Amino acid sequence: VGLVVTEEEPSYADMASLVVWCMAVGISYVSVYDHNGIFKRNNSRLMDEILKQQQELLGLDCSKYTMEFANQEKADQVLNCQSTLKVLSPEDGKADIIKAAQNFCQLVAQQQRTYTDLDVNELDNLLSSTNGFPDPDLVLKFGPVDSTLGFLPWHIRLTEIISLPSHQNISYEDFFSALHRYAACEQRWGK
């Protein structure tokens with residue numbers, strides 16, 4: 001699941017609640033994105049809030065729900081992984097595609113690849129922002145803007161996008177209703 005905030009004022013507490021709810025319903029991979037990169041710049045604040053919300057919302061059941069923070073550099077900060085969280089910003093989207101294209105062009109120039117080698121799998125391998133992270137099946141977009149504002153454009157080509165008015169003060173019922181709407185979708189894969 002991708003959680004995309006298009007609002008100007010992100011709420012750490014509300015985003016943390018959304019992440020913890022994703023954990024509680026068994027979602028394995030969660031991406032958090034805002035177009036200003038606020039969550040990524042303040043990654044530790046978001047992680048602290050998630051740990052706090054995890055304790056408050058899941059209470060004694062907390063040991064069943066562990067989170068790996070994919071953005072953390074230190075191995076000691078990675079917990080036993082049941083859900084994996086990646087915090088993204090605009091430089092992880094289009095800029096990553098540009099970097100992948102430049103890397104591929106260098107490989108062609110060095111005669112390690114030919115231009116005919118470029119396909120979907122090759123581009124996926126060259127993209128670093130989602131290295132080891134699957135494309136999201138669902139994006140929950142929060143805010144009045146009818147755009148994902150640069151959220152991983154290559155990775156959401158087959159993603160269902162559900163818009164919600166705001167992530168601030170969102171209830172579990174609103175979150176669960178969005179998941180229910182997604183479950184009712186019929187993906188036709190271009191047919």
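Data overview
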{"quantity": "Spatially proximal aspartates and glutamates relative to residue 141 (Cα-Cα < 20 Å; intrachain offsets below 8 disregarded)", "calculated": "7, 8, 9, 14, 34, 91, 92, 160, 173, 174, 186"}
{"quantity": "Positive minus negative residues near residue 162 (Lys, Arg vs Asp, Glu; Cβ under 12 Å)", "calculated": "-1"}
{"quantity": "Residue 139 long-range amide H proximity, modeled H, under 5 Å", "calculated": "2, 160, 161, 162"}
{"quantity": "Segment residue 149-residue 107, extension gain: residue separation times 0.36 nm, minus the distance between their alpha carbons", "calculated": "12.1 nm"}
{"quantity": "Solvent-accessible area per residue for segment 102-183 (1.4 angstrom probe, square angstrom)", "calculated": "60 Å²"}
{"quantity": "Within segment 82-138: Cβ-based charge dipole about Cα centre, in debye rounded to nearest 20 (Lys, Arg +1; Asp, Glu -1)", "calculated": "200 debye"}
{"quantity": "Förster-model FRET efficiency, 41 Å R0, residue 166 and residue 117, C-beta, rounded to 0.05", "calculated": "0.40"}
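The values are calculated or read from the model by the stated rules, or taken from the named source; none is laboratory data. Please read these numbers as outputs of a predicted model, since none were measured by experiment. Every residue, glycine among them, receives a Cβ derived from its backbone with ideal geometry; neighbour counts consider all protein chains shown. Quick note on the areas: whole protein, heavy atoms, side chains included, nothing else; ligands and nucleic acids left out. Shrake-Rupley method; radii C 1.70, N 1.55, O 1.52, S 1.80 Å.
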